[in-house]
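Engineer: One structure coming up, written as structure tokens, with questions to follow.
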Amino acid sequence: MSNYGIILAAGSGSRMNSNIKKQFMTLKGRPLVCHSLQTMQDSNIITDIIVVTGADDLDYMRNDIIGSGNYGKVRTVVTGGAERYHSVMNGLEAVQKLRQDRLKNDRTSDRAEDYVFIHDGARPRLTEDIIVRTYEAVREVKAVTAAVKTKDTVKIAGPDDFVESTPDRRFVWNIQTPQVFEADLIYEAYSKLMDACNRDESVQLTDDAMTVEMFTGRRVRLVEGSYENIKVTTPVDITFLESLE
């Protein structure tokens, strides 16, 4: 059994008002991506890491980021794509290759017991506790995502920006990563998504859970994440994270 961590670090960070891509911006003295990378490296659960980055950043990621640290679990660095789902698919293809190579070398290996942890490299507050909680849950139900219950009242608006409805806050969650799936399940979902995109079908997907829900019908369980596990999107997010112990 293997547990693969895919770290997505191919974004441009256009809302950061910086010439430096956000995954390489400094947080507490280290590039942003190094924080979640180190957590996966130190994890007792993650066995292999795949990093997805921009084509222009491959050498920098391999030499200056991976090469400068103790990241022995990193098996490969692959290029991202035009959209997030392309980057995820490239990461999943790398996972499939690692699994196939492992089967060739170990005929007793059971592919059905492999799991994939997909995580945004711009979420530096990943913890071992979150990894453990999602891992325990995914072994039961095959598809889970870290999330936190919303602290705010949420309104559903119509096209004219007038309120259409107010969902019960008790049942509204903010989705995070990692999103964790049985390996064959997530590969099947993304393969079907790519087929749909190749047929020019209009598909609006914002996360991996939606992909699994839409293309496999599998329900996804929400697992407690952390309110500190935010995705860095604007400069104020860096300021907030710098203030945390």
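The values are calculated or read from the model by the stated rules, or taken from the named source; none is laboratory data. What you see is a predicted model, and the numbers here were worked out from it, not measured in a lab. Positions of Cβ are backbone-derived with ideal geometry, glycine not excepted, and every protein chain shown enters the neighbour counts.
Engineer: Exactly one of (1) closer than 16 Å to V116 by Cβ; (2) assigned to a helix (DSSP H, G or I); (3) in contact with a helix residue (DSSP H, G or I) (Cβ under 9 Å, 6 or more places away or on another chain) is unmet by C197. Its number?
Structural biologist: (1)
Engineer: Restricting to segment 121-173, give me the number of residues that are assigned to a helix (DSSP H, G or I), out of contact with any Ser or Thr (no Cβ under 8 Å at 6 or more places or on another chain) and among the hydrophobic types (A, V, I, L, M, F, W, C).
Structural biologist: Total satisfying the criteria: 5.
Engineer: Answer with yes or no whether A112 is surrounded by fewer than 15 Cβ atoms within 10 Å (Cβ to Cβ), small (G, A, S), closer than 28 Å to F215 by Cα and at pLDDT below 95.
Structural biologist: Yes.
Engineer: Sort out which residues of segment 206-220 are buried (at least 17 other Cβ atoms within 10 Å of the Cβ) and within 18 Å of the chain's Cα centre (by Cα), and write them in order of number.
Structural biologist: Listed by number, the residues that qualify are D207, D208, A209, M210, T211, V212, V220.
Engineer: Collect the residues in segment 40-56 that are under 23 Å from P235 (Cβ atoms) and either at pLDDT 95 or above or within 19 Å of the chain's Cα centre (by Cα) (or both), keeping them in residue-number order. Even if it seems obvious, please write down each step before you answer.
Structural biologist: Filtering segment 40-56 down to residues under 23 Å from P235 (Cβ atoms) leaves 53-54, 56.
Correct list: T53, G54.
Engineer: Then there is this: With (1) modelled with pLDDT of 95 or more; (2) of a type in the set (S, T, N, Q); (3) assigned to a helix (DSSP H, G or I) as the list, and Q23 as the residue in question, which single condition is left unmet?
Structural biologist: That leaves (1) as the condition not met.
Engineer: A further question follows. How many residues are touching a residue at least 40 places away in the same chain (Cβ under 8 Å) and either on the phi > 0 side of the Ramachandran plot or of a type in the set (A, V, I, L, M) (or both) when one looks only at segment 185-244?
Structural biologist: Of the residues in that region, 15 qualify.
Engineer: Taking the stated definitions as given, is V88 modelled with pLDDT of 95 or more, buried (at least 20 other Cβ atoms within 10 Å of the Cβ) and over 18 Å from V180 (Cα atoms)?
Structural biologist: No: the conditions fail for V88.
Yes/no per residue for (1) out of contact with any Gly (no Cβ under 8 Å at 6 or more places or on another chain); (2) assigned to a helix (DSSP H, G or I); (3) touching a residue at least 12 places away in the same chain (Cβ under 8 Å):
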{"site": "M1", "(1), (2), (3)": "yes, no, yes"}
{"site": "I6", "(1), (2), (3)": "no, no, yes"}
{"site": "T39", "(1), (2), (3)": "yes, yes, yes"}
{"site": "I46", "(1), (2), (3)": "no, no, yes"}
{"site": "I50", "(1), (2), (3)": "no, no, yes"}
{"site": "M61", "(1), (2), (3)": "yes, yes, yes"}
